[in-house]
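Encoded as structure tokens, the structure appears first; notes follow it.
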Amino acid sequence: MANWQCCKCEKPMEVKDLSLIYYEMLGFQSGLECPGCKIKFITEEVAMEMNKTEAEMEAKFG
């Protein structure tokens, strides 16, 4: 992953496993977290994979 800097406090972001709630299910995804202000981001790749999974879940569960 590229070296990212926090948009709030300009500290280097750290790669972490972030807990996410998605369709009322708890899961973990790789993302970025600021060690200072704790703001979190997911990458474009993770967002695209989540979008694909969402479409599959909607097709399966309606």
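The values are calculated or read from the model by the stated rules, or taken from the named source; none is laboratory data. All values reported here derive from a predicted model rather than from experimental measurement. Note: ideal-geometry Cβ built from the backbone for every residue, glycine included; neighbour counts use all protein chains shown.
Observations, loosely collected:
- Within the range 46-62, residues that are surrounded by 10 or more Cβ atoms within 10 Å (Cβ to Cβ) sit with their Cβ atoms under 6 Å from residues that are at pLDDT 85 or above, at 6+ positions apart or across chains, in these pairs: VAL46/GLN29.
- In the range 15-28, residue nearest to the chain's Cα centre (by Cα) [restricted to those that are surrounded by 13 or more Cβ atoms within 10 Å (Cβ to Cβ) and modelled with pLDDT under 90]: LEU20
- Restricting attention to the range 29-45, the residues that are surrounded by 13 or more Cβ atoms within 10 Å (Cβ to Cβ) and in contact with a strand residue (DSSP E or B) (Cβ under 8 Å, 6 or more places away or on another chain) total 11.
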